[in-house]
Each structure stands twice: as C-alpha cells, then as structure tokens.
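Following: one structure in structure tokens, then a few remarks.
What follows is calculated from the coordinates using simple rules that are stated; it is not laboratory data. Bear in mind the structure is a predicted one, so any value in this text is a computation, not a measurement. All Cβ positions, even for glycine, are placed from backbone atoms using ideal geometry, and neighbour counts span all protein chains on display.
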Amino acid sequence: MAVRLNANPCRLLGIVALTILSAGLLAAQDSTSQRALLDKYCVTCHSDKLRTGGLSLQGLDLGHIPEGAETWEKVIRKLRVGAMPPQGMPRPDKAALSGLAAYIEGSLDKAYEANPNPGQATMHRLNRAEYANAIRDLLALDIDSTALLPPDDESSGFDNIAEVLKVSPSLMERYLSASWNISREAVGDKRIAPSTATYRVRPDLSQDQHIDGLPLGTRGGIVVEHTFPLDGEYVIKVRLWRNTFDLMRGMEDAHEIEINFDGARIDSVTIGGRPDFLKMAANPGAFGAELDQKLTVRVHATAGPHTVAADTVLRSHAFKDDLVKPFLRTTVDGLDITGDPSVDRLTVEGPFNSTGVSDTPSRRRIFVCRPSTQSEELPCAKKILGALARNAYRRPVADNDLEPLLSFYQRRRNDNGSFDAGIESALQFILASPEFLFRFEDDPADIPAGARYRINDLALASRLSFFLWSTIPDGELLNLASQKKLHEPAVLEHQVKRMLADPKSDALTENFAEQWLFLRNLKSVAPNLDTFPDFDDNLRQAMKEETELFFRSILREDRSVLDLLNADYTFVNERLARHYGIPGIYGSQFRRVHVTDEARRGLLGQASILTVTSYPARTSPVQRGKWILTNLLGVPPQPPPPNVPELKENGEGSKPLSLRERMELHRANAVCAGCHKVMDPIGFALENFDGIGQWRKDDDGAKIDASGVLFEGSRVDGPVALRKMLASRPDVFVGVMMEKLLTYALGRGLEYYDMPAVRKTVQDGAANNFRFSSMILGVVNSPSFQMKVKKASASATVAAELLH
Amino acid sequence: MRLITKKHIPRRAFLRGAGVTLALPLLDSMVPAQTRLAQTAAKPQFRMGLCFMPHGAVMSNWTPPGDAANLELSRTLKPLEPFKKSVVVVSNLAHKNAAPAGPGDNGGDHTRSPAVFLNGVHPKRTDGADIRAGVTIDQIAAQQIGQETRLPSLELAIEDYSGLVGSCDVGFSCAYMNTISWRTPTVPMPMEINPRVVFDRLFGDGSTAQERLERIEQERSILDAVTGQVRRLQGGLGANDRNRVAEYLDTVREIERRIILAEKQNSISGINVPATPAGIPDDHQAHTKLMFDLMAVAFQADITRVSTFMMAREVSYRTFPMLNISEAFHPASHHQNNPARLEQLTTINTYHVGMWAYMLERLQSIKDGDGTLLDHTLMLYGSGMSNSNIHNHSPLPILLAGGAAGTMQGGRHLKYPEETPMANLLLTILHKAGVKQESIGDSTGLLTEV
C-alpha cells in the first residue's frame, strides 16, 4: 500500500473557519451520522476545493463504500493509527473516530467476503536464499550461494518479490555454472580440480575473547564448516593479521596457535617472545612468510563436511594489556601490535592426490539404489532421477519428465562415463531446468479467463514451504498434495504447525524478520571509531543474535506477537550484557535473561534496532521515527524534498546546542515541519539510547530530553511511554506486521484490495491472543494465499513466436 | 525475437570426441551472423596491455642517457635488453591533474595518481558515494575493439587491500586507489587479483581443456533440452508468465551465442592454456607472472583485446625479502635523497621492470598471424607519479613496447619538452587503436613521433 503519512493540516487557517461553517450545510445533504462526522472533521481540509494531501472526501458516497475502496483504505489507515484529524485541529472523541473507521471497514470487508480479490500473482524465480536452501534439501549439500549467484533485487521491503526477480543472460550463465559445480560436488566427481577457499575474519573482530564454537580455553580465531569435495589431501593455511608494516600483533610474548580439524588438534605452533619479536622487527616480510609456512598443514580428509578451526591457546587469564587498553575493541589502532595474535584468514586448498569419494551426506541422499549388475543400471537410474526430479520440480513426475533426464544419463554413460557420471549429467540438467528455477502454477484449463479459482494442492505445498521454510516442500507435503488432501483445513493447520516447529522455519527469522526489521543492515553499519571506540564485530554479531533469538522464541513458543513489543525477557552473552550493563553474565554463548529494566523491553530496547537506525557518529531521531512509522505503524513518511540543508554542527567557541535544539532549527522550515513534526517526537523518545543502543543520560554535555507529544496526541517521556503507546493500538501493530507477512508470503507488494484479508487475520488473531501460529494460519487461509484469477491466455502468435 | 544467426550445424554432434588441442577449421556456418570473425582473422588484431606502477621511480637511474633514435638502456631499464628493438622510452611527460587543484585539495597524490593515469582527468575529492573521475582509454578502446570478443576488457591487479577500509587518503574514497580503469565517470571497473577467478572468466570452469569442452557440450545440450521443456510448459501459463518465460528464452539464446564464442576459443589450435590455478600464489613473482600469462593467453585466444594491470597499489607496504630489502615499498619510496635508500628503491624499480619484461618475452614467444603477438600489441608501463619522495607528477617514468599492429617502431628514446601532457600519449594510443577522438583529459594534441 502506497499510503504515506503527511500530517500537514491545511495551513490556510482563514479558509478553515469558512469551511467549518459550510460543513453544516453539507451535512444536511447526507442523512447518516457518519457522513456528518466526516463532513465536520475531515472535509474541512479534504474538500474538492482544497484537496489537502491530494485527497477529497467531499463527494464520496458512504452508501457505496466498496466503489471507492482505494480511497477509503487510506482513510481507515489514518484513522486507525490516530494520525487524522491532525494535532491542532478539532477532533471528535476516540469512540466516534473508531466508529467511523469500523463503519467503513465493515462495508469493505463485507464486500470482500462476498467477492474476494486474490490479486495478481506473477511467476516466481527462486531467489538466492531459496536456491541455497533448495540445494541443501535436495542434495544434502551446503553451498555458498553468494559465491555462485548474484544478489537479488529488493522491492516492497523484501527480496522475494516475483515482479523484480528477473532473469538476465549473466544470471543464466551463473545458473549454468552453479549447476555444473553443484552436480559435480554432490556426486563427488573425481575430476574436481584443486581450488582455494578463503575464509576471512572481519578486521574489527576483537580476538582477546573466546569465540563461540571454538574450544574452551582459547582466544580469538575462526571456525568454519568446509565441504571437502573428494577424499584426498588438502592444505590448510592460517594467516595471522598484520598491519601495513607487515608487523603482527602479540609477538612480544610467546603464544601457542593451534589448527583443529573436526575438533582434534592437527597442528600447533609456538610463536613470539623476544627473539621472534626482534626477528620480526628486523625483517617483517620474511618473518611473516616464515610464519605463514609454519601455519600451513597438509591433511588427508574424506569427502563431506568437516570443521576446520584456528585459534590462540589462552596462556593466562591475567589481562596484562588491559591496563593500556581502555576499550573493549582491540583493533581501535590499526597499527597497534600489542595484545593477542589475531587470525586474519583461513584457507583450504585442494584436493590433491585425490583417491575418490567415500560416503557423503549428498551421496547418501542421491544414490537411493546402487546397481550391482549392468541390467540393474537403468531401473536404478530411473529411481534416482525420478526422486530427484520430484523434489526439484515439486510435483509427481511423469514419463515425459524422465525422458530428457534419462537421455542425459544415457549419453554420458555411453560415452565411457561411469554410472555416477551419468547421474551427475542428468542432475546438472535438473538444476538448470526452468521447472527447478521457477515456480510454475498452471491455470486450470476448464474455467474462463478472469474467473477466480483455488490453486491446486501442489501449488499450495510450494507456496507453504517457500513461505515458512524458504525452500522446496518436503516428502510429507508432496505426499499430501499428491493425494489432494493438503487443502483440507485440519490437514493444513496440522502441517503449518509441523512446519513452524521444524528448524527450517528459522528461514522466517533469517528472511522475513531480518528484512522487516532492517537487521540485514547491521553487517554494513560502521559506527564511528572516535565516538564508539568499544564497538567491534563481536558486539555487532551479538546484537544480531539477540534479535534473532528473540524473534525465534516468539515463533517457537507460539507466543503473542505483541510480545515483540512488550516481552520481559531477552537473550544476551557477556559482550552484549556488558553493553547493556547487565551484571553476572560470562562467556560467549547466549542465554535467556529476564529484563528488569522497563526501557529495555521488546524490540525497541534492542541494540540491533537502535544501531541500524543511527548514523555512524550520532543517533538519528528522524531515522528512528521513520523506522517506527514504516515498520510498526504502517504510515511511512514522505521522502524529503530535494536540497534539504544539513543540520548545523556545533562550532568551536559557541555554546553547544543539543541535537534536539539543532533539529528544532531545522524544523523552522515549513517544508520540513510537516513530516518532522510526526517523526521527530517518536525518535526523541528513544534519545536515551545512543547510536549503538547504550543507555545515556546526556549527549554532548546536554541533558537528554526524551519528552514530546506524538502525532496522535499522547505525551511521551521516553521509551517506556512510547512502547505503551504502540501497545495500546494492538490492531495497528499487528495489522502492519500482517501486511509485511502477507507481502512476504505472496511475494508481491500489497494493494488496497488486500486490506480486508489483512484485517481478517488480525481479527481472527485477536481471538487467539495474537499467537504466532494463528497469525501464520490467517495468512495461509486468506484468499490471496490460496486463490488466483485465471489470466487471459496469450495469443496464438505470441506463443508461436516464443517457440521460434 | 528470432535468433539472428545463420543456420547452425548441430555443434553437439560436431564436437563429439574432440581432443585436447582442437584444430577444427572454422566453418562459416559456425560463425554467428552478427560477428565478423572472418575479417578479424585475416587482419592482425590490435591489442593493448596497460600496466600501472605506484610510487614513480628514481628518475636519475631511469631515464636513458641519449635521446637518439638508437635507444641506450639506463640502469633501471636493463631487464629490457632482449627486447630493446621493441621498446620506446617516452620522457618528460606530465600528469598535472594528478596534483592538487588548489588550496583545499592538498595531499591525495597517492589517490590521484592511479585515478588520472589513463584519463588525464582530475578526480573529484570526495569520500562519499559521489565519486567521479574520467573514462579511461582502455574502456574507450573496449567500446571500439572489444565488442567482438567475449570479454570487452580484462582488469588485473596484484594487491588486495579489501581488509583495510579507511586506509585511503583523507577526503578521498578508496575507490580511486583500487582501480586504474573507469567505464564511465562514475563507474570504476573492479580489478581482479585472483588468477583462478580470471582463469574461470577466460575459459570457464574445468581443470583441463578436455573438461572445458565437455562442459560446453553439456551446456549446449542443457539449453536445447530446456527449450524443449519450456515448450511443454507453455500450455498452462497466463500471458504474464508467458512473457516471463519469453524473457527466459531470450537469455537462453544469448547464452547460446556466448557458448559459440567459447567454442571458437577452445577450437583454436596451438594455444597452451596454462594449468588451472588453484588460487593466489604466495610468491609475489609467481603471482605477477601468472597474471601476465593469463593476459597473454587472453590476447592469443582473442578472448579480449584490452587489458589493464595494476602491478602494485599506491601506498603498498609489500616487502621484498627476495631482493634482500626489508623496508616496505611505500616507506622505501620516501628515500629522502639518502644514497643508500635511493639504491634500494632503484633495485625495487628494476625488479618491477623485470616483471614487465617477462610479459614482453611471453608475447614475443607467441605466434600470431604473420608475426608474433608482441608485433600486434601495444604495451604501456608507467606511473602517475615521478619522484615519490616529494609526490610530484612530472616527469613521469613511461615505457611503451610492441609493434602495435604495425603502428609503432621500437628502439627509440623520445624526449619531449618538459611538462608535455601524458594525456597526449593516451590520445595517441587511442588513435593507434583506431579510436580517432579529438582529446582526452588535458591533452593538447597527438605525439606523432610515437
């Protein structure tokens, strides 16, 4: 919905008085009390003459609301969120306003129930995350899809929007290349050439702490799960961080650096101490090259995933350097070489002298049979390829589906390829096939164009699994769909609950929540080193982890989605607990804690959200206000006009102005004031949280003033009051979340005609205390999710042209 | 929407059983209608390889003694001895746009030197996203002579500074230092340091020529089968989805076109494709030589005709243990006129010139039409800085080599008046490449002697 908030009251106050007078006359023409209300409080500005905000409500017929649905949906939105009538203009009491909204909604929802419009669904292409998950589920193979495929464009806030998931030649080339690499790796093709995989540590990771996943009693380092394509020899190299003069950290004392493979130590190098330090000082390049050599180890690995790790063994708990290191971040000074050695990267090269391929998860998944004689080969190939195609195409396969697959198999087999090589060839075709890459949903042939119909069970199975799991359906879903049972309400509900309980529903956190809440931006935030010298990658990761665990707990425990705002618990590790000032939390692993500080409750108290809505060197009440308006209240502000002057920085010598004072100067500009009046008070309520979400009482020497009047009239004085205001309108918050969820589930931007479906999920959800599963079921049961309109078929000439 | 090609022989059947080095005659029907391969094969094709070094040079040891037509090599240029007949030393050129434009534009010489090197345009001072430089000659040439090859241009580099964000000059985006090639004034071309990635771009994945051919064959079969599958799917689709499928089929056809070009490369006889590199060699010399090998083979197989190579990055802290120099490149370049340190820097300069000489050797060893690849290539080597101790930009150390497809004579030292714009040479190179534009950057005319 492209409804934007612009709370400009009509500024021509002289005319206001006149219009109020004439409103009385208009009221006489309409008999209903709603019309009178509308005329008295709305048409003042939204008249044919003034058209404030481009909207006139003067001539709209309250007797035929559905005809003006697009406009009325805008009206409802403003009324429900409390943005209209704006502050400073006469307002009826709350009950009257919500009565008006309910009246309009009732009429629209009734019309929808009689004749729902499921909207237009365009054919989807799998996005990068879905592709990677599909490969995982199809072949039991974890791939780095970011290395294989380009990123997807985003629209309506998500990267799974069908309309923008286009194909291009370079994308197609990447798909072909990916299918080649993946099919070889999954089958374990003996001809796989040696290559190098490099895993880097972010340079702002502090390596004086234990890293989760590495052995206890170690500091810093990196741990990766690497898929080894074949049985053979591999070279593992660890490179320590060095500064621009090739000098390494921590060499003044002896350290033990170890390399582990599947949890067992395979190499250990003691480095550092006076002789080494002098050697490094004399010729850093040569010293570094020598150390690189020492930290190189050759291992024999079987094919399949293995854990490789490198870290520094903790020599003592006495942090002697802490005396001169006032900051938690150890990499504040890019030249500083005191402290602990830091791993910069880990590379795995190979395979060399490969001896073939042993049992791997992928081979177990693919080779469901093994031919022992020549005559068993073809039936076995049929069985293997039939199973792969069924999962990849997400439907039962017929003989004519198997035909091309078997011809790929046979050709390679006849061409002196092994049985496995034949399967690999056919698998490559499956992975490059449009039936795998696209989500086709056939229109039924026996209904006229323009008619509405329920999608078939197979299409429903795919929609469900791409929505809840971001991947292809599993066997159970496909079986139920093949038996045409999936759409039965009891079956469907059971399946949704099963899917939410499955770990694969983490995809809702990774793909839905991370995009809805802007968590994906965390990886690129770079708070200013001078302002926030403690901020390091450890904290960045912890922030993300907290919100992910938090969202996941609401999902898995089937809590009310209102807990996203209000929950009295969260998840922290030592680094984040120190950031929040929570005592008694030690160690790198996360645990659930009770939140005693009211201000820290829910999403608005979490450092992740507070950081992604800040600038590198300071908070941004505007960004925070905009974030809440957009993501929690559903009324995004208008984009700023061009040529907006920057905020004035505090100059030398003059009395420093607080951020609030400087922004008030900015707001003196009438062009800016309209939106900023709405955004700023929301953002200022969070001013006690600094640019990385730490609590503070003053800023730049000025005391924080978190008070203000919100656009809907309530007074707030900080995060608690703001949260209470948001929670006091559960229908608004839940409604916006449902809009986002429906957008994500359908893979398309919502239109005004989708709003009755959104309202229905909110109403049904309210009866279930807004439990997460009931909200998901609301989406799944909506006509938009389960129905489609048959499109006019393409003309014969277009079809002919398509096929040359 | 129809495929604009001549009638194709089914290549699948055609290629079956083909060995490692294919020597298939190029049948006319294998040449797509839109390319002019027949013509390009007949006439020697012009190639250009433009190499960049940071930190200038010790000019007293660089500049050859005479300015005669008979080139006498200086100490630093000694590694070029075997190719003297192909080398042109161009002296007294200047990049005045690499210097600060005035007060408020102080410093930044390390940033401007690479940004100006191939366009002569003063880059905008910004550390934001609004970067702006000039289109470089490699990209201008690629528009003209790069359109018939699979890769219009190839950008190579040696040093990876991606982990050092924030280490660039104050007030400048790192983007300026990370490349010497700009496709448009606002779009820098990323430079690739990993030979494996370069290799895959040139030849596709696969460790042997046999395997790459198999892959091409397989992809062709897949595309054929995909088209068949789509045909079956058409029936049930609505208009929108049909459009989407049409879009998809278009991409399939475009890939077919690329595969035809890939087939052509793989079917040229006598090319020694280097073994698939595993990744970035640890040894600097091996890394540099491998990148030159890849540039040479890309020229040879006509995969590209235009390449740039950043042999080191400005403010490089690489050390040279193999030269017994413990000082890093950038500190060494601030020699303070100390004789011992000048000696060190000269040794480093000579080492780099030696790397470039390796490329000339490669090119000379490869037959190309009626001569060698060196005869048909124009190689440039130089820096955007002169004296690194004081960061000035005149006179620049600049070398040319190669026959440039019959447009250049080697064995000469051309000494121009002081402060002659380097952009004049850039313009001259463009003209040799067949791009007759009137000016570039601060150019004032052509260097006809070159």
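Descriptive notes on the structure:
- Exposure proxy order (Cβ contacts within 10 Å, fewest to most) of A:Met755, A:Met775, B:Met422: A:Met775, A:Met755, B:Met422
- Placing a label point 7 Å from the Cα of A:Lys724 along the Cα-to-Cβ direction, the residues of the range A:556-575 whose backbone N falls under 18 Å of that point are A:563, A:565-568.
- Residue-averaged 222 nm ellipticity for chain A, from DSSP H runs of 4+ at -39500 (n - 2.57), nearest 500: -13000 deg cm²/dmol
- Spatial extent of the range A:347-411: Rg and Dmax, with the Cα atoms as the point set, Å: 14.9, 45
- Shielding by partners, peptide B:328-339 (average Cβ within 10 angstrom, other chains): 1
- Length available on full extension from A:Asp142 to A:Ser714: 0.36 nm per residue minus the Cα-Cα distance, which gives 200.8 nm.
- Other residues with beta-carbon under 14 Å from the beta-carbon of A:Glu488 carry, at +1 per Lys or Arg and -1 per Asp or Glu, a net charge of +1.
- 21 Å Cα-Cα threshold exceeded, pairs from B:Lys78/B:Lys432; A:Lys383/A:Lys497; B:Lys78/B:Lys289: B:Lys78/B:Lys432; A:Lys383/A:Lys497
- Cα centroid separation - the range A:590-608 against the range B:173-195, whole Å: 44 Å
- Ordering of B:393-399, A:367-373 by burial proxy (mean other Cβ atoms within 10 Å per residue, highest first): B:393-399, A:367-373
- Placed amide H near B:Gly411: partners under 5 Å, 5+ positions off or other chain: B:Ser86, B:Val87, B:Val88
- FRET efficiency, 1/(1 + (r/R0)^6) with R0 35 Å, evaluated for B:Arg231 and B:Asp370 via beta carbons: 0.15
- For chain A: rounded, prolate or oblate by the Cα gyration tensor [a/c cutoff 1.5]: oblate
- Rounded to the nearest 0.05, the FRET efficiency derived from the C-beta distance between A:Arg370 and B:Tyr358 at R0 = 60 Å is 0.70.
- Here the extension length gained between A:Arg315 and A:Ala254 equals 21.1 nm, from 0.36 nm per residue of separation less the Cα-Cα distance.
- Taking other C-beta atoms within 10 angstrom as a stand-in for reagent exposure, A:Arg452, A:Arg77 fall in the order A:Arg452, A:Arg77, fewest first.
- Most to least packed among A:39-49, B:74-84 [average Cβ atoms within 10 Å]: A:39-49, B:74-84
- Around A:Pro681: net Lys/Arg minus Asp/Glu count, Cβ-Cβ under 13 Å: 0
- The stretch between A:Ser98 and A:Ala282, if pulled fully straight at 0.36 nm per residue, gains 58.4 nm over its current Cα-Cα span.
- For B:Leu93, the residues whose modelled amide H falls within less than 5 Å of its own, excluding neighbours fewer than 5 places apart on the same chain, are B:Leu396.
- Once both labels are positioned 7 Å from their Cα atoms along Cα-to-Cβ, the gap between A:Ser707 and A:Val297 label points is 6.4 nm.
- For the segment B:212-222, counting C-beta atoms of other chains within 10 Å of every residue's C-beta and taking the mean gives 5.
- Peptide packing: for B:184-190, B:337-343, A:126-132, A:747-753, the average count of neighbouring Cβ atoms within 10 Å per residue gives the ranking A:126-132, A:747-753, B:184-190, B:337-343, highest mean first.
- Charge context of B:Phe52, other residues only, Cβ under 12 angstrom, K/R +1, D/E -1: -3
- A simple spin-label model places pseudo-atoms 7 Å from Cα toward Cβ; at A:Asn414 and A:Tyr586 they are separated by 7.1 nm.
- FRET efficiency for the A:Asn521 to A:Arg200 pair, using the beta carbon distance and R₀ = 22 Å, is estimated at 0.60.
- Virtual spin-label span in nm between A:Lys697 and B:Gln143, 7 Å along Cα→Cβ: 6.4 nm
- From phi via Karplus (6.51, -1.76, 1.60), per-residue ³J(HN,Hα) for the range A:443-448 in Hz, x at Gly/Pro: 6, x, 7, 8, 10, x
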